[in-house]
1. Do you know which residues across the stretch 92-129 are without any contact (Cβ under 8 Å) to a residue 12 or more places away in the chain and under 16 Å from Glu177 (Cα atoms)?
2. Identify, please: which residue in the stretch 265-292 is more than 9 Å from the chain's Cα centre (by Cα) and charged (D, E, K, R) and is, among those, farthest from Leu41 (Cα to Cα)?
3. Can you pull out every residue in the stretch 44-76 that is more than 18 Å from Gly174 (Cβ to Cβ), among the charged types (D, E, K, R) and within 20 Å of the chain's Cα centre (by Cα)?
4. Which of the following residues is of a type in the set (Ser, Thr, Tyr) and either surrounded by 24 or more Cβ atoms within 10 Å (Cβ to Cβ) or under 22 Å from Ala238 (Cβ atoms) (or both): Thr206, Thr170, Thr183?
5. When the residues of the stretch 18-43 are filtered to those that are part of a helix (DSSP H, G or I) and more than 26 Å from the chain's Cα centre (by Cα), which remaining residue is farthest from Phe343 (Cα to Cα)?
6. Report yes if Gly176 is touching a residue at least 12 places away in the same chain (Cβ under 8 Å) and within 30 Å of Pro57 (Cβ to Cβ), otherwise no.
7. Only one of (1) surrounded by fewer than 24 Cβ atoms within 10 Å (Cβ to Cβ); (2) more than 15 Å from Leu41 (Cα to Cα); (3) charged (D, E, K, R) fails for Glu295. Which number is that?
8. Out of curiosity, is Gln18 of a type in the set (S, T, N, Q) and surrounded by 16 or more Cβ atoms within 10 Å (Cβ to Cβ)?
Amino acid sequence: MTSSPSVSGLPEVEALDQTLRAELQHIIDTKTKPPGSLGRLETLALQMGLIQRSTRPTVQRPAMIVFAGDHGIAHEGVSPYPQAVTVQMVANFLAGGAAINALSRVAGIELEVVNAGVATPLPSTAGLVDIPVAAGTRNFAHEDAMTREQALAAMRAGAARVQHHAALGTNVIGFGEMGIANTSAAACLMSRLCGVPIAECVGRGTGLDDAGLAKKRDVLAAALAHHPVSTDPLDVLATFGGFEIAMMAGAYLAAAQARMTILVDGFIASSALLVADALAPNVRDYCVFAHASNEAGHRRMLGHFGAQPLLSLDLRLGEGTGAALAVPLLRAAAAFVDGMASFESAGVANRDA
């Protein structure tokens, strides 16, 4: 097996081990059903088995890490919400009152909230992992959002959180985010890393009207023009990213290294994956794309990954909500492999009998 080259101590990602593919496929095909009749559940089960190197894939202690961080670009008026909403929503997560809390509870997911770089100091609170790189990024309309060293520090911190959950037995993980103006950062990451005009990447975010959307496009186009063109993923991340996006990028690498099944959420989470994938292309083999977001640009980003999302529910909330909704589908994929009889064990005639 080959592994992606290491970059400044970031986790290395091995290519997916294909040794069990034929055996897994035979097990799936000989369940008491016509071949392929469980559709995407069958490809999910196969992928999970290859990731776990097991003919009996499982969902163990599924976890969701929500990374929160503020963005200097918010001061350009690219969001209809004030920056103060970031810290207020972090408090809501910690109090159990957000959508991701409700969906994590119903899906049986362990939820963790990480302060990656919120502008407002957060009080010490049970359930908060308080590891900010800085009090928000700088305004990339005028200067780099962060230094390359800060970007790497954030990626290593995100990787460390995944390693913590791996030690507790997690083998399925998803990542969510909170940060006013982070759709602006994600759009610029997408434009540079995918080579797509910014107008095709920019969406309404948290609900911009037409005038607000036009302003956002203009601000981001000017910001892109302000910075030298580079496709180096760490340079692009440092120039336009957020600390929560950088931590997610490192988290993807660590999750793949730990052979976890990774549930990819929407537009922001996918922009972080663009960075991880550019550094370590093997990472996408460990990813299950949970849903197609209603945010403009996300479907094109999914096309960049060659991804088929499991769900299409017009979600555009973030927080990891789409990834959480996909966990029961992974449970179902594992359950049919483990719980369904084969034609031979059930005494049912196969079509070739």
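Computed from the coordinates by the stated procedures, all read-outs in this text should not be read as laboratory data. The structure presented is a predicted model; accordingly, all values stated were derived computationally and were not measured. All Cβ positions, glycine included, derive from the backbone under ideal geometry; neighbour counts span all protein chains shown.
1. Once the filter is applied, which keeps residues that are without any contact (Cβ under 8 Å) to a residue 12 or more places away in the chain and under 16 Å from Glu177 (Cα atoms), the stretch 92-129 yields Asn92, Gly96, Gly97, Asn101, Ala102.
2. Asp277
3. Quick first cut of the stretch 44-76, residues more than 18 Å from Gly174 (Cβ to Cβ) only: 45-46, 49-50, 53-56, 70-76.
Those still in the list that are among the charged types (D, E, K, R) too: 53, 56, 70, 76.
If the condition is that a residue be more than 18 Å from Gly174 (Cβ to Cβ), among the charged types (D, E, K, R) and within 20 Å of the chain's Cα centre (by Cα), then Asp70 is the only one that fits.
4. Details: Thr206 fails: either surrounded by 24 or more Cβ atoms within 10 Å (Cβ to Cβ) or under 22 Å from Ala238 (Cβ atoms) (or both); Thr170 fails: either surrounded by 24 or more Cβ atoms within 10 Å (Cβ to Cβ) or under 22 Å from Ala238 (Cβ atoms) (or both).
Just one listed residue meets the conditions, Thr183.
5. Just the residues of the stretch 18-43 that are part of a helix (DSSP H, G or I), to begin with: 21-29, 40-43.
This time we only want the ones that are more than 26 Å from the chain's Cα centre (by Cα), so: 22-29.
Numbers: Ala22: 18, Glu23: 16, Leu24: 15, Gln25: 15, His26: 12, Ile27: 10, Ile28: 11, Asp29: 10 Å.
Top of the filtered list is Ala22.
6. Details: touching a residue at least 12 places away in the same chain (Cβ under 8 Å): yes; within 30 Å of Pro57 (Cβ to Cβ): yes.
Here the answer is yes, as Gly176 does meet what is asked.
7. (1)
8. Details: of a type in the set (S, T, N, Q): yes; surrounded by 16 or more Cβ atoms within 10 Å (Cβ to Cβ): no.
For Gln18, the condition - of a type in the set (S, T, N, Q) and surrounded by 16 or more Cβ atoms within 10 Å (Cβ to Cβ) - is not met.
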